[in-house]
Each structure stands twice: as structure tokens, then as C-alpha cells.
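J.: I'd like to ask you about the structure that follows.
The values are calculated or read from the model by the stated rules, or taken from the named source; none is laboratory data. Predicted model, so just to flag it, every value in this text is computed and none were measured. Positions of Cβ are backbone-derived with ideal geometry, glycine not excepted, and every protein chain shown enters the neighbour counts.
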Amino acid sequence: MKKRSFNLASLTRSKITWAVVAEVLILLVCFVIRPDFFSIKIQESTGVLYGSLIDIVNRSAEISIIAMGMTLAIALGGTDLSVGALVAVSGAMALKLMRWDVLEYVTPGNYSVKPFWMAILFPLITCTLMGLFNGVLIAKGGMQPFIATLILMVSGRGIAQILTDGKQFTTMYAPFKVIGQGNLGPIPMPIVIMAVVCILMGLFVRKTAFGTFVESVGVNRSASRLSGISSDAVIMIVYSITGFLSGIAGLIYSSRIMSNDSNNAGINYEMDAILAVVIGGTAMTGGRFSLVGTLIGSIIIRTIVTFVYYFGIVAEATMAFKALIIAVVIILQSEPVREYFARRSDKRAMVKRG
Amino acid sequence: MPDNIILEMKQIEITFPGVKALDQVDFTLRKGEVHSLLGENGAGKSTLIKCLTGVNHKDAGQIILDGVEINPQSPEQAMEMGISTVFQEINLCPNLTVAENIFIGRQPMKRGRTIDWKTMNRRADELMERFHLDIDVTRPLSFYSTAIQQMVSIARAVDVKAKILILDEPTSSLDDNEVKLLFDVMRDLREEGMGIIFITHFLDQVYEISDRMTILRNGHLIGSYGIHDLNKVQLVTEMIGKDIDVIFNLKRADVKADAAYMLEAEHIGIPGKVKDISVNIKEGELLGFAGLLGSGRTETAEMLFGAEKTAKGSIRKKGKDVSLKNPHDAIMEKIAFCPEDRKLDGIIGDLSIRENIMLAVQARRGFLHPMSRSEQEKLADKYIKALGIATPDAEKKIAELSGGNQQKVILARWMATEPDVLILDEPTRGIDVGAKAEIQRLMLEMCGDGVSVIFISSELDEIIRCSNRIVIMRDREKVAEVDGATCTQQNILNIIAEGSVAGKDKEAGV
Ligand SMILES: Nc1ncnc2c1ncn2[C@@H]1O[C@H](COP(=O)(O)OP(=O)(O)OP(=O)(O)O)[C@@H](O)[C@H]1O
Ligand SMILES: [Mg+2]
């Protein structure tokens with residue numbers, strides 16, 4: 001008995017609990033508005049699952065994937081503002097490789113000029129290197145992460161434009177289409193990719209000591225260095241990972257639209273990813289992080305967007321409405337509120353015992 | 001004379017998850033007295049203070065100030081009620097100027113709207129003069145040493161005209177002169193009728209300055225005594241609850257006659273920090289470093305650990321040249337270093353005791369070879385037991401431990417790496433008498449196992465008690481090396497005072 005009530009209190013103290021509560025509340029409202037909200041069906045022609053819930057998860061893939069890396073950057077006490085721009089770079093590069101000599105291949109079709117693996121691998125390598133560039137500026141150059149990553153945030157879209165000569169290409173290459181619009185069995189491909197990324201990241205940070213090193217450097221860089229951790233290497237690895245994951249998100253995004261769009265691809269992704277991390281319970285000051293929390297956070301953000309559509313809110317007000325709900329979620333998670341509920345459940349536990 | 005009493009704390013109780021930090025503790029403070037609060041690490045001294053200043057909230061009990069029951073909710077509120085505090089961990093803002101730090105939250109205003117910088121800096125100057133500190137108050141605080149920072153935080157607390165002044169281990173990083181200065185100021189304030197609560201682990205200081213003392217053990221009140229009611233041995237017995245013969249029965253390590261050199265440094269130095277120093281240490285030897293604060297002891301240690309790369313000279317480990325570019329290199333060579341500034345360079349506050357202990361071992365293995373959870377737990381439990389770290393379990397956040405217990409965890413982190421060379425920079429700072437003896441015993445035990453220990457301390461008696469040889473530093477230079485078995489405190493003090501010339505003669509003579 002004692003054990004259970006103690007757990008209740010520690011549960012109410014956890015930010016993740018409140019994130020889940022928020023998610024459930026939003027879903028319930030959606031359900032009231034649309035009773036068919038929770039229904040999941042199998043599309044007969046393709047055998048793929050569809051329904052609002054599936055759609056929410058599917059559409060959250062890009063942010064979820066990026067937010068995995070963002071979690072580590074924030075746990076280090078930093079942040080990465082360049083992720084959205086890297087999404088654009090990744091897409092531009094993939095399209096450029098598939099349509100190498102644009103003048104000759106004027107019409108899009110089911111072809112790729114360069115081998116498919118190149119169109120996948122090169123964007124990923126480029127984005128990883130750009131992430132590493134951020135990491136070097138921060139670790140070796142001693143720059144504030146905010147400023148260091150601002151450089152690529154501002155210039156990244158320009159680089160994407162240059163890569164494609166300022167043009168927007170489209171393609172109809174079938175293998176590329178699979179990434180964003182295909183499926184593995186009944187599950188949409190973005191969800192599969194997202195699941196693989198999340199699991200691999202989870203294994204990487206928790207089955208090796210990397211996660212502990214990140215937390216340690218995030219809390220106290222000097223003490224970590226004196227304990228023998230190569231803080232610089234940890235920082236550079238984390239920003240490279242974030243770059244790499246932005247590259248994956250860029251491929252998914254451009255495959256969804258089968259096109260590159262340097263101006264709009266990944267716009268505001270940095271904000272959504274940071275929010276996902278914060279809602280997931282990782283503090284902006286660095287230290288302890290939770291990838292599961294981040295995943296929940298990212299799904300919440302997507303749920304809110306869906307919710308806003310359902311509510312039939314005019315497009316101009318969408319952002320404001322989204323901000324409002326996020327504010328409520330974050331207040332729910334704030335220290336005083338959690339303390340209040342924790343104290344209440346402590347008291348209740350005491351009454352029961354007494 | 002009950003009207004003499006300014007503060008009464010009655011039946012105070014505070015519980016943290018897993019520990020009862022205070023259990024029915026009474027405490028009484030009179031006007032114009034210095035009252036020492038004593039107890040082992042984790043006894044609850046800081047918690048009692050934090051309860052009085054509104055940082056921690058009491059679960060039961062009463063606080064009566066000047067006959068009125070109070071219930072402060074924050075240090076600011078407590079300050080308004082006339083309770084001014086210097087906390088154990090310096091909590092000033094390193095990037096603000098000295099003057100700003102002193103007047104933060106109570107800046108002198110011009111026409112009620114803008115800050116009057118001139119007055120502020122002038123008054124800060126005056127205050128610094130009272131403490132005989134010749135510093136530029138418009139410089140950022142971080143520019144100055146830990147000792148000066150500590151003096152600034154004391155000055156800040158003293159300047160608020162309070163009824164009660166609380167000093168939680170204020171002298172831990174001060175040298176003798178600074179302590180004397182502080183005591184002069186405390187005596188003045190006592191004359192003015194202020195009540196002062198003083199926490200320290202330096203028992204000599206207790207007898208020098210206080211009028212009464214209150215002893216806590218494990219969150220319980222043991223008693224309040226006049227300063228002459230207990231002598232030092234009785235006091236220690238009351239504090240730790242058992243006799244302390246062990247403390248005075250330490251035996252210096254025997255260095256085998258044929259012991260090989262473990263670490264040899266020749267002409268290492270960094271311009272502006274350490275001029276040029278050569279030291280060596282044998283297997284199983286304990287080498288003490290004596291000298292004033294800022295004499296270059298820490299910097300030398302940092303070079304031997306690669307925390308600062310030496311600009312010249314060479315370092316040999318077991319006869320082999322090694323290049324120590326960073327701490328990781330040193331850890332791979334089985335050199336360990338327990339730094340002086342616990343809060344800044346030691347603890348990883350948000351992580352658990354277990355993680356803090358395993359960190360250096362894990363860093364040596366690299367992150368791809370993680371220790372299993374059970375390995376970590378075994379390691380943590382072993383050292384929690386070996387060092388007597390007061391905690392309910394290994395999963396407690398290190399930041400929630402008492403200061404002295406944090407120090408023990410950092411020590412455990414390095415002992416766990418099973419080093420060949422262990423460098424300890426002021427390892428006994430903020431540690432209670434019992435634990436101090438325990439740490440000295442552990443050092444000597446490690447020497448017995450063939451580990452070479454470099455021991456930096458500002459307390460000469462403990463250096464002399466443990467060291468085989470003692471390096472004396474002054475003005476960023478080694479001025480002498482003396483034999484630990486034959487030298488006396490006075491010898492060392494003379495060498496430090498006389499400086500290099502006398503020191504060199506001495507060295508030739510040994
Ligand atoms: N915020 C906290 N959360 C949980 N436990 C705490 C917290 N603060 C203190 N404790 C526990 O309360 C006990 C008393 O700690 P306290 O800091 O008062 O000791 P202390 O007498 O000041 O010791 P020291 O001489 O080492 O500074 C310790 O067991 C400590 O672990
Ligand atoms: Mg304390």
C-alpha cells in the first residue's frame with residue numbers, strides 16, 4: 001500500500017505523465033467533435049491502415065525523427081536551429097541527383113539519373129557534415145549553440161537554392177516515392193522509418209554510456225572533462241546526429257511531395273522539434289533527457305495541428321491556437337502545478353495510511 | 001535572562017524522501033553571541049539553517065524571532081525579517097561585478113528610478129576596505145579567486161544590517177589571514193549585539209571565536225554547551241558518537257627502499273601560472289604540497305593531470321615519457337585528480353550518486369563499453385560503504401547530499417578507477433573530523449598498496465601527519481622540499497615566510 005501511494009506521488013511529479021494527460025484530453029475533444037476519430041480501417045485497395053490516429057503518427061514522422069537529435073542537443077544545454085534548413089538541403093540534393101542534368105531531363109518521370117543509393121546517401125552525408133560543422137563551431141570554437149546553428153539556419157536554404165539553381169524539380173521515380181508514401185505491410189513507410197530511428201536512438205543512448213555522457217556534459221562540462229569524458233567529441237557527435245536525422249526527415253518530406261521546395265520544406269521545424277523536447281520533459285537548461293517523452297511531445301504537437309483543422313479554425317489563426325494549447329500543456333507541466341498535485345496525492349496517501 | 005534571546009527554534013522536524021534530516025531539534029540564539037553549530041557531514045546543520053531562511057520548509061516546529069513566531073518562505077523574506085545568510089555553496093553571480101553582487105536586490109537608487117552606480121561602487125569599495133581587500137569592485141566576480149569570492153559573499157551578508165548573521169562553512173577556502181580578518185569583523189558585530197550562527201569543521205576555530213555551541217548528530221539534537229563545558233576530545237566524541245583514538249593513530253606509509261619512481265616531472269610550467277617545477281614521486285609514497293593559496297599548487301597538479309597542458313619540460317610515468325594533453329590522456333595512464341572546487345569541477349549535480357561514482361571508470365572504458373547496471377550498483381555500493389557516505393541509497397541525486405558527503409562521492413569516483421597516481425587537491429575541505437581521519441587513513445592504505453598519492457592541503461598538521469616528503473611552494477615556484485618525518489609546522493611556516501633563498505639552502509641541506 002505504502003509503495004503504491006508513493007508511486008502515485010512520483011508519477012504526478014513526472015512531466016511525462018502530464019504530457020500524456022494533455023494528449024489524452026486533446027484526443028477526447030477530437031473524439032467528441034468527430035465520433036469516428038478513433039476508428040482505424042484497412043484500405044482495401046492497398047492493404048494499408050488508415051484513420052485519423054494513423055495519420056497523426058504518420059505526419060509526425062519528420063518532427064519525431066529530428067526531435068530525437070534535438071533532445072540530445074538540448075540535453076547538452078544547447079539547441080540546434082539549423083534542422084529546418086537542413087531538411088531543405090537534403091531534399092534539394094536528392095532531387096538534384098535524380099534530375100542531374102536538368103536541361104536534358106526536362107520532364108519528370110519514373111527515372112533517376114544517378115543511382116538511387118546516391119540520391120539517398122549523399123544528402124544524408126551532406127547533412128551529417130553540416131551538423132558536424134555546427135558541432136565544431138560549438139565545441140572547438142566555443143560559440144553559443146544558438147548563434148552557431150543560426151549560421152546554417154540562415155544560409156542553409158540559400159545553399160539548397162544554389163544546389164538546384166533556384167528551381168523546383170519534381171520527380172516521379174517510384175523507389176523514391178516509397179520513402180514518404182509507400183508502406184511496409186499495413187504500416188505507412190514514414191511510421192516504419194520513424195520507429196526504426198527511435199528504437200536505434202534509444203538503444204544507442206541507453207545501451208551504451210553515451211546518454212550518460214550527454215547528461216553529464218550538459219549538467220557540468222568542466223567537471224565532465226576533468227572526469228575524463230571528451231566533452232568536445234560528445235558535442236560534435238550529437239550535432240552530427242542531429243544533422244543526419246534532419247537529412248532523413250528531408251528525404252521523407254520531399255518524397256511526400258515528390259519535389260524539392262527550398263523555401264517551404266522544413267519551415268518552423270526547429271521550433272516544433274524544440275517544443276516536442278520541452279513538452280517531453282527535457283529542460284532547456286540541459287541534463288536529464290527522455291526520448292520517450294520527446295516522442296510523446298512530437299505526437300502531441302501533431303495532434304494539436306489535426307485538432308485545429310477539425311475545429312475548422314481559419315488558417316490565419318492556426319498558429320495562435322496552436323500556441324495557446326501548447327501554453328496550456330506547458331503550464332500543466334510547470335513545477336508549481338506538479339508540486340500541487342504531488343502534495344495532494346501525498347496527503348491522500350498519508351490519510352490512507354493513518 | 002530570557003530577554004537576551006533573539007531566536008528560538010523549537011521541535012523542528014524536516015523530512016526528505018528517505019531521510020529524516022531533522023528530528024525534534026531545539027536551538028536557541030542569544031543577542032551578542034557567536035554560536036557554533038556542529039556535527040558530522042549530513043548531521044543536518046545546513047538543513048537547520050535552510051529551514052530558518054525559508055529555503056526548506058519545516059514539517060513541524062516553531063521559529064520565534066524576537067518573541068514573534070515567523071515562517072519565512074524564501075531567503076529574501078528571511079532577510080527582510082533580519083536574518084542574513086552566507087550559504088555553504090557560494091551563490092553569487094560570477095558574471096556580475098563585485099559591487100553588483102554585493103548590492104543585488106538592494107541597489108542604491110537615483111531619484112527612485114535608476115541605479116546609482118557611483119554610490120554603489122563607492123559603498124562597495126568602503127566595504128571591501130573593512131575586509132582589507134584591495135580589489136577592483138567593478139570587475140566581474142569570476143575574475144577573482146574562490147577565497148575572494150567567499151569574502152565577497154560574507155561582506156554582502158554582513159552589510160545588510162541584520163539581527164542574525166548565519167555563516168555556513170565560510171572559512172573552508174580562506175587562508176589564515178583571511179580567517180583572522182573575518183573573525184575581527186565577527187567580533188565587531190558581536191559587540192554591536194548581533195547574534196551569529198557559525199558552522200565549521202575546523203574545531204580550533206570553534207574554540208577561538210564562539211561563546212556557545214550546539215551539536216547535532218543524525219538529525220537529532222545532542223545538546224547545547226558553553227564553550228568551556230567541553231574540551232576538544234569530548235566535543236568530537238559527542239559529534240561522532242564514539243571515541244576517536246583512530247584519528248591520532250595514523251601511521252605514515254613506508255616507502256620501500258627499492259621503490260621505483262612512479263611519476264617524474266622535469267621543468268614543467270605554464271607562463272603566468274607556474275614558473276618551472278620539477279617533482280617526482282615513488283611508488284607507495286605520499287607527497288604533500290604545502291603553501292599559501294595561489295602559490296601554484298593547484299596549477300602544478302593540473303599539469304600532472306593534463307587538465308592544463310604543460311608548456312615545457314617532460315613528464316615520465318614509470319620511466320616512460322607520457323604526453324598529457326587532456327584529462328582523458330591522464331586517466332588512460334591511471335592518473336587520477338580530485339579537484340579543489342567541488343561545485344564547479346567535481347559534482348554533476350543532476351546525476352545520481354551511482355552515476356557520479358562510475359563516471360571516470362566509464363570514461364576510461366569509452367562509451368561503447370558501458371558498465372552494466374549491476375556493475376555500476378556494485379561499484380557505488382562498495383564505495384558508499386567504504387567511505388561511509390550518508391545516503392539512503394545510490395540513486396539519490398548528488399546535489400541533495402550534504403556538502404561533505406558530496407566530497408566523498410567525488411573521492412569515490414577517483415578511487416574507483418584504481419589509479420597508480422592519485423592527486424588530491426584539498427580533499428578534506430568541508431569534511432567532518434571523523435571523515436577527515438577516515439580519508440587520511442584511506443590515503444595511507446592506498447600508499448600501502450603501492451599507489452602514489454599527491455596530497456595538497458592548506459592544513460599543515462594533516463600534511464605533516466601523512467606525508468613522506470613535503471614540497472613547499474611559494475609565488476608559483478617550488479621553494480623547498482622537506483622530509484615529512486622530521487619537519488615541524490614551524491619549519492614549514494618559516495620557509496613559506498622567508499621565501500626562496502632560505503628555502504633553497506634548506507633543500508640543499510636535506
Ligand atoms: N534537498 C534535499 N533533498 C533530499 N535530501 C536532502 C536535501 N538536502 C539535504 N538532504 C539530506 O539531509 C541530510 C542533512 O543534510 P545537511 O546538508 O543539513 O547536512 P550538514 O550537516 O550541513 O552536512 P555537511 O557538513 O556535509 O555540510 C543529509 O542526509 C542530506 O542527504
Ligand atoms: Mg552543510
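J.: Can you name every residue in the stretch B:57-73 that is within 14 Å of chain A (Cβ to nearest Cβ) and either more than 16 Å from ligand 1 (Cβ to nearest atom) or not acidic (D, E) (or both)?
T.: B:H57, B:A60, B:Q73
J.: Okay, moving on. What about A:G156, is it outside any helix (DSSP H, G or I) and away from chain B (no Cβ under 14 Å)?
T.: no
J.: Within the stretch B:15-56, take every residue that is more than 14 Å from ligand 2 (Cβ to nearest atom) and charged (D, E, K, R) and give me the one that is nearest to the other protein chains (Cβ to nearest Cβ).
T.: Here the answer is B:K20.
J.: Check whether at least one residue in the stretch B:57-79 is β-branched (V, I, T) and within 16 Å of ligand 2 (Cβ to nearest atom), and report yes or no.
T.: no
J.: Quickly run through the stretch B:427-443 and pick out the residues that are assigned to a loop (DSSP other than H, G, I, E, B) and either away from ligand 1 (no atom under 15 Å from the Cβ) or touching a His at 6+ places or on another chain (Cβ under 8 Å) (or both).
T.: Passing the criteria: B:G430, B:I431, B:D432.
J.: Go through the stretch B:173-203 and count every residue that is modelled with pLDDT under 90, of a type in the set (S, T, N, Q) and either crowded, with 22+ Cβ neighbours inside 10 Å or not assigned by TED's automatic domain parsing to the domain that holds B:T47 (or both).
T.: Looking only at that region, the number is 1.
J.: Select the strands (runs of 3 or more DSSP E) contained entirely in the stretch B:1-82, then report the ones holding at least 2 residues which are modelled with pLDDT of 90 or more and touching a Phe, Trp or Tyr at 6+ places or on another chain (Cβ under 8 Å).
T.: The qualifying strands (runs of 3 or more DSSP E) are B:5-16, B:34-38.
J.: A further question follows. Please enumerate the residues belonging to the stretch B:303-312 that are within 13 Å of B:I277 (Cβ to Cβ) and at pLDDT 90 or above.
T.: Passing the criteria: B:M303, B:L304.
J.: Can you find, within the stretch B:397-411, the residue that is nearest to ligand 1 (Cβ to nearest atom) among those that are in a helix (DSSP H, G or I) and more than 14 Å from B:E340 (Cα to Cα)?
T.: B:E400
J.: Looking only at residues in the stretch B:80-91 that are within 16 Å of ligand 2 (Cβ to nearest atom) and closer than 26 Å to B:D125 by Cβ, which one is surrounded by the most Cβ atoms within 10 Å (Cβ to Cβ)?
T.: B:T85
J.: Answer yes or no as to whether B:P94 is at pLDDT below 90 and part of a loop (DSSP other than H, G, I, E, B). Break it down stepwise before answering.
T.: Values: at pLDDT below 90: yes; part of a loop (DSSP other than H, G, I, E, B): yes.
In short, yes.
J.: Moving on to the next point. Would you point out the residue of the stretch B:125-155, among those that are buried (at least 19 other Cβ atoms within 10 Å of the Cβ) and in contact with a strand residue (DSSP E or B) (Cβ under 9 Å, 6 or more places away or on another chain), that is modelled with the lowest pLDDT?
T.: It comes out as B:Q150.
J.: Determine whether B:V206 is under 25 Å from B:A437 (Cα atoms), away from ligand 1 (no atom under 16 Å from the Cβ) and part of a helix (DSSP H, G or I).
T.: no
J.: Scan the stretch B:482-510 for residues that are of a type outside the set (V, I, T), closer than 22 Å to B:I281 by Cβ and at pLDDT below 50 and jot them down.
T.: The initial filter retains those residues of the stretch B:482-510 that are of a type outside the set (V, I, T), namely B:483-485, B:487, B:489-491, B:493-494, B:497-500, B:502-509.
Those still in the list that are closer than 22 Å to B:I281 by Cβ too: B:483-485, B:487, B:491, B:503-504, B:506-509.
Once the filter is applied, which keeps residues that are of a type outside the set (V, I, T), closer than 22 Å to B:I281 by Cβ and at pLDDT below 50, the stretch B:482-510 yields B:G503, B:K504, B:K506, B:E507, B:A508, B:G509.
J.: Can you find even one residue in the stretch B:92-109 that is more than 14 Å from chain A (Cβ to nearest Cβ), among the basic types (K, R) and either over 30 Å from the mean Cα position of the chain (by Cα) or within 16 Å of ligand 2 (Cβ to nearest atom) (or both)?
T.: No - not one qualifying residue is present in the stretch B:92-109.
J.: Does B:K343 satisfy the condition of being of a type in the set (K, R) and within 16 Å of ligand 2 (Cβ to nearest atom)? So that I can check it myself, show each step before the final result.
T.: Working: of a type in the set (K, R): yes; within 16 Å of ligand 2 (Cβ to nearest atom): yes.
Yes: the conditions hold for B:K343.
J.: While we're looking at this one, here's another question. In the stretch A:208-225, what residues are hydrophobic (A, V, I, L, M, F, W, C) and either at the interface with another protein chain (Cβ under 7 Å from one of its Cβ atoms) or not in a helix (DSSP H, G or I) (or both)?
T.: A:A209, A:F210, A:F213, A:V219, A:A223
J.: I'm checking my understanding of the structure. Among residues of the stretch B:176-203 that are away from ligand 2 (no atom under 16 Å from the Cβ) and in a loop (DSSP other than H, G, I, E, B), which one is nearest to B:F27 (Cα to Cα)?
T.: Result: B:M194.
J.: From the list B:G313, B:G346, pick out the single residue that is farther than 20 Å from B:S452 by Cα, within 8 Å of chain A (Cβ to nearest Cβ) and small (G, A, S).
T.: B:G346
J.: If you don't mind, another one. What's the number of the only condition in (1) within 14 Å of chain A (Cβ to nearest Cβ); (2) touching a Gly at 6+ places or on another chain (Cβ under 8 Å) that B:L304 fails to meet?
T.: B:L304 satisfies all of (1) within 14 Å of chain A (Cβ to nearest Cβ); (2) touching a Gly at 6+ places or on another chain (Cβ under 8 Å) except (2).
J.: Still on this structure, please answer the following. Filtering the stretch B:352-404 down to residues that are within 13 Å of another protein chain (Cβ to nearest Cβ) and of a type in the set (D, E, K, R), which residue is nearest to A:I229 (Cα to Cα)?
T.: Top of the filtered list is B:R364.
Table: residues versus (1) over 22 Å from the mean Cα position of the chain (by Cα); (2) more than 10 Å from B:A290 (Cα to Cα); (3) among the hydroxyl-bearing types (S, T, Y).
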| residue | (1), (2), (3) |
| --- | --- |
| B:M443 | no, yes, no |
| B:G448 | yes, yes, no |
| B:S458 | no, no, yes |
| B:R465 | no, yes, no |
| B:V471 | no, no, no |
| B:V479 | yes, yes, no |
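J.: If you scan the stretch B:412-435, which residues turn out to be among the hydrophobic types (A, V, I, L, M, F, W, C) and out of contact with any helix residue (DSSP H, G or I) (no Cβ under 8 Å at 6 or more places or on another chain)?
T.: Pass one, the stretch B:412-435, residues among the hydrophobic types (A, V, I, L, M, F, W, C): B:412, B:414-416, B:421-424, B:431, B:433, B:435.
Answer for the stretch B:412-435, where residues must be among the hydrophobic types (A, V, I, L, M, F, W, C) and out of contact with any helix residue (DSSP H, G or I) (no Cβ under 8 Å at 6 or more places or on another chain): there is none.
J.: Here is a check on your reading of the model: is B:K282 more than 10 Å from chain A (Cβ to nearest Cβ) and not aliphatic (A, V, I, L, M)?
T.: Working: more than 10 Å from chain A (Cβ to nearest Cβ): yes; not aliphatic (A, V, I, L, M): yes.
Against the criterion (more than 10 Å from chain A (Cβ to nearest Cβ) and not aliphatic (A, V, I, L, M)), B:K282 qualifies.
J.: I'm trying to understand the selection: among the residues of the stretch B:253-292, which are within 24 Å of the chain's Cα centre (by Cα) and surrounded by fewer than 19 Cβ atoms within 10 Å (Cβ to Cβ)?
T.: Those that are within 24 Å of the chain's Cα centre (by Cα) and surrounded by fewer than 19 Cβ atoms within 10 Å (Cβ to Cβ): B:K273, B:L292.
J.: Given the structure, is A:V314 modelled with pLDDT of 80 or more and closer than 25 Å to A:V32 by Cβ?
T.: no
J.: Right, here's the next one. Which members of the stretch B:57-96 meet the condition of being in contact with a Pro (Cβ under 6 Å, 6 or more places away or on another chain) and farther than 27 Å from B:D23 by Cα?
T.: Selection gives B:N95 alone.
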